[in-house]
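Read-outs: derived from the displayed coordinates by stated rules, not from any lab. Note that the structure is a prediction, hence the values are computed from the model and not measured. In this analysis, Cβ positions are derived from the backbone assuming ideal geometry, glycine residues included, and neighbour counts consider all displayed protein chains.
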Amino acid sequence: MPPIPTAIFFPGQASEAPAMLAPILRRFPSIARDGIDAISQALPDDPDLPTIIDLLNGSSADNDKRLLLQRTAIAQPCNLLAAILTYRVILQSPWWMAHCASNPTTTVYFGHSLGQITAFTAAGAIPLVDAIKIVRERGLAMEQVMADFDISAVSKYGMLAVPIKNNTTTSEFIAKVRDAAKKLPSSVIVDCANFNSPTQVVLSGQVTALDKIATELGLGRKSKYLPVRIPFHSRLLRPVEGRVRAAVDSASVTMPPSALHFLRNSDANPITTSQDMRDAIVTGCWEPVDWVRSVRTVQQQFGVKRWIGIGPGSAITTTLVERSLLPSASDHHDIIAFDPIKPGSGWDVISG
């Protein structure tokens with residue numbers, strides 16, 4: 001069988017669920033325990049460590065725990081750890097041995113927002129303990145900037161997924177958003193944060209402003225808020241730079257072998273040095289995620305035919321890959337998600 005260029009990608013925040021480590025704990029207890037050891041080593045004196053471990057392991061799905069997972073500083077280490085452990089399960093599975101390990105090829109690692117850091121970690125560029133420290137500090141820095149620690153209150157900030165009408169291009173949509181934003185007070189910031197697919201853009205900023213823009217565009221009823229309380233990928237998060245950069249600079253970051261390839265979230269440009277990786281993690285807090293451009297660059301530049309989504313929420317991210325691929329009558333793509341909290345995904349294949 002000829003080599004099949006492969007893309008391995010990871011989801012961002014917003015798809016977490018209580019007990020998302022439970023499927024791994026039940027079926028692969030040694031891998032799960034290694035993960036708990038890693039997070040305990042990374043955050044030994046952290047007051048939220050017991051809460052994070054309980055959210056990962058616990059069987060309860062009560063509303064209080066779901067609210068806790070809306071805290072960025074809790075959700076991000078949970079998401080990253082669950083995704084990395086899912087990846088470790090896949091690496092030892094018969095499926096991987098049959099489809100990937102025995103068929104070496106070009107491999108591209110990338111991810112959506114937080115998933116970019118997960119991708120670096122999965123590829124061996126950042127040790128798991130260091131990656132957990134980075135995303136925990138990243139989340140705390142974002143919470144500090146927003147001064148929004150009261151999880152029982154309605155946040156003033158958020159992210160709104162807005163559909164793009166079929167007869168509107170992305171550039172035309174951006175222009176319409178900018179025109180609508182000009183009608184708001186100059187102190188109000190709304191940015192196009194995620195270009196998720198040719199038919200969806202996520203806006204980021206103050207909730208009242210997001211509502212007004214969606215109404216102005218006639219898309220209020222068709223738009224949907226993401227379950228987050230931070231305006232990710234907007235200029236509002238520029239103040240996190242110093243704190244996040246300090247966390248990244250204290251971590252071990254090493255560029256893996258040249259056989260592996262990486263892309264920046266914001267513009268799909270190649271990442272070729274460890275400093276590129278460090279910069280991408282820092283600026284990725286406020287720069288947009290251009291998922292469409294990333295997918296199409298992977299498709300065109302590397303000729304990828306196999307797409308493997310890994311971790312909680314990867315079933316959703318895989319759908320965005322499918323929607324973003326450039327159509328070609330001659331192309332056949334093998335697209336699979338290994339999502340431990342999504343019945344019917346590839347996880348069922350490897351977990352038995």
### Query
Summing Lys, Arg as +1 and Asp, Glu as -1, what charge do residues with Cβ under 11 Å from the Cβ of R245 carry, R245 excluded?
-1
### Value at 222 nm in deg cm²/dmol, rounded to 500, when DSSP H runs of n ≥ 4 in the chain each add -39,500 (n - 2.57)
-13000 deg cm²/dmol
### Task
Kindly identify segment 157-228 as rounded, prolate or oblate by the Cα gyration tensor criterion: order the square roots of the eigenvalues as a ≥ b ≥ c, call it rounded if a/c is under 1.5, otherwise compare a/b with b/c, prolate if a/b is larger, else oblate.
oblate
### Message
Can you give the FRET efficiency to the nearest 0.05 for E216 and N269, using r as the Cβ-Cβ distance and R₀ = 35 Å?
### Response
0.60
### Query
Assigning unit charges at the beta carbon (Lys, Arg +1; Asp, Glu -1) and nothing else, what dipole magnitude in debye, to the nearest 20, does segment 157-228 show about its Cα centre?
160 debye
### Task
Could you tell me the distance between the Cα centroids of segment 298-323 and segment 211-254, to the nearest Å?
22 Å
### Peptides 74-81, 89-96, 336-343 ordered by average Cβ neighbours within 10 Å, highest first
74-81, 336-343, 89-96
## Note on the structure
Neighbour-count ranking for L217, L184 (other C-beta within 10 angstrom, fewest to most) reads L184, L217
### Task
Could you please report the charge total around G311, scoring K, R as +1 and D, E as -1 over all other residues with beta-carbon less than 15 angstrom from its beta-carbon?
0
## Note on the structure
With +1 on the Cβ of every Lys and Arg and -1 on the Cβ of every Asp and Glu, the dipole magnitude of the chain about its Cα centre, in debye rounded to the nearest 20, is 780 debye
### Summary
Net charge (Lys, Arg +1; Asp, Glu -1) of residues whose beta-carbon lies under 11 Å from that of A193, A193 excluded, is -2
### Message
Using +1 at the C-beta of Lys and Arg and -1 at the C-beta of Asp and Glu, which of A180, T106, I53 has the Cα lying farthest in the positive direction of the dipole of the chain?
### Response
A180
#### Entry: Residue order, fewest to most surrounding Cβ atoms within 10 angstrom, among D46, D331
D331, D46
### Task
Go through 308-319, 47-58, 126-137, 247-258 and give me the packing order, highest mean Cβ count within 10 Å leading.
308-319, 126-137, 47-58, 247-258
### Task
For L91 and S252, calculate 0.36 nm times their separation in residues minus their Cα-Cα distance, and state this gained length in nm to one decimal.
55.7 nm
### Message
Using Cβ counts within 10 Å as a stand-in for footprinting exposure, how do M146, M20 rank, fewest first?
### Response
M146, M20
### Query
Counting only residues 5 or more places away or on other chains, whose amide H sits under 5 Å from the amide H of M255 once H atoms are built in the peptide plane?
S274
### Task
Take the chain, connect every pair of alpha-carbon atoms lying under 10 Å apart with a spring to form a Gaussian network, then pick out the residue of D37, D45, D290 with the largest mean-square fluctuation.
D45
